[in-house]
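Values quoted throughout were computed directly from the atomic coordinates according to the rules given, and no laboratory measurement underlies them. Nothing here was measured: the structure is a model prediction, and the numbers come from that model. Reconstructed Cβ throughout: ideal geometry from the backbone, glycine too, with neighbour counts over all protein chains shown.
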Amino acid sequence: MPVKIVTDSTADLPPQLVKELGISVVPVYVRFGEEVYLDRVDMSEDEFYQRLEKTTVHPSTVQPGPQDFLEVYRKLSKDADSIVAIHISAKLSGTYNSAMMAKDMLDTKCPVAVVDSQTVTMGLGLLVIVAANMANAGESADKIVKEVKKAIPKIHLVCLLDTLEYLQKGGRIGKAKALLGSILNVKPMITIKDGEVVPAGQVRIRAKGIDKLFEFGQSAKKIQDLAVVHSTTPDEAQSLAERLGSTFDREKIKITRVGPALGVHTGPGALIVAVREG
């Protein structure tokens, strides 16, 4: 029986790819006041960003609980030899801890391995793709976990934001709070280092920030996989992917969207490049 791969909705994986590779995605909860929605299940990206721009109540996120993971593990264990779950950085969310608790609660003989990706969005997504391809090729859970852990230091991403407002309100600003004292009307850039949000610079105009994202992608070494992620600017994402096609096969560049779970923290206008180096 095959190994089954599980992740959470902060991976921002393209839905078609999730279906093709047979990945199970556990949704994060998004809360607007007293109303609670499942990321991409009860609320689409369009619905979320439209509401975000109108609301007077800043939304928040709630990690999936152990029971959410347990239900998925139980269902998969009927047909799986083992399960490998790869999740958002434990320094950014309690999702990893929930997955670990569910693993201990599982009452079947199907073993579960839980991996802290130490990253988020398509940084996490690219690791999950590695795992899913290996699982579909018939590799063992031990080998998959080993390869994923080996790939973690080779995952890099940079994000251009319109503002730090959402990251600050969402409480996920981490070491990027150093940018808060910056002069107004600059566009902050952030990255993930050792599982935390850290500054990656700032630009005065958005076009310059997009140029920096291009330079970041272009400077990556021996690219194995590359993704462009946007929250509300699909044309920018397409244009950036075309430019990066000079560095990496355009047909293999994945374009996807920042979902509600991360959109709470990035806000509209986020643009991200994530790479997996060889």
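Listed values, structure above:
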{"quantity": "P(r) weight above 23 Å for the chain, C-alpha pairs, percent", "calculated": "51 percent"}
{"quantity": "Hz values of 3J(HN,Hα) by residue in the stretch 207-214 - Karplus curve (6.51, -1.76, 1.60), Gly and Pro given as x", "calculated": "4, 5, x, 5, 4, 5, 5, 4"}
{"quantity": "Per-peptide average of other Cβ atoms within 10 Å, ordering 244-252, 216-224, 256-264, 156-164 highest first", "calculated": "256-264, 156-164, 216-224, 244-252"}
{"quantity": "Nonlocal amide H pairs with residue 223, under 5 Å, H built at 1.01 Å", "calculated": "278"}
{"quantity": "Between the stretch 212-278 and the stretch 16-78, the Cα center-to-center distance that results, in Å", "calculated": "22 Å"}
{"quantity": "Tally of Lys pairs whose C-alpha atoms are under 18 Å apart, taken over the stretch 3-152, 8 or more apart or cross-chain", "calculated": "14"}
{"quantity": "Net charge of neighbours whose Cβ lies under 15 Å from the Cβ of residue 248, counting Lys and Arg as +1 and Asp and Glu as -1", "calculated": "+2"}
{"quantity": "Around residue 72: net Lys/Arg minus Asp/Glu count, Cβ-Cβ under 12 Å", "calculated": "+2"}
{"quantity": "Charge dipole (the chain, unit charges on Cβ, about Cα centre) - positive-most of 56, 216, 161", "calculated": "216"}
{"quantity": "Over the stretch 3-152, volume per residue of the alpha carbon convex hull, in Å³", "calculated": "105 Å³"}
{"quantity": "Other-chain or far-sequence residues with amide H under 5 Å of residue 202's (modelled H)", "calculated": "189"}
{"quantity": "For the stretch 227-234, Karplus couplings with θ = phi - 60° (6.51, -1.76, 1.60), whole Hz, Gly/Pro x", "calculated": "9, 10, 10, 10, 9, 9, 10, x"}
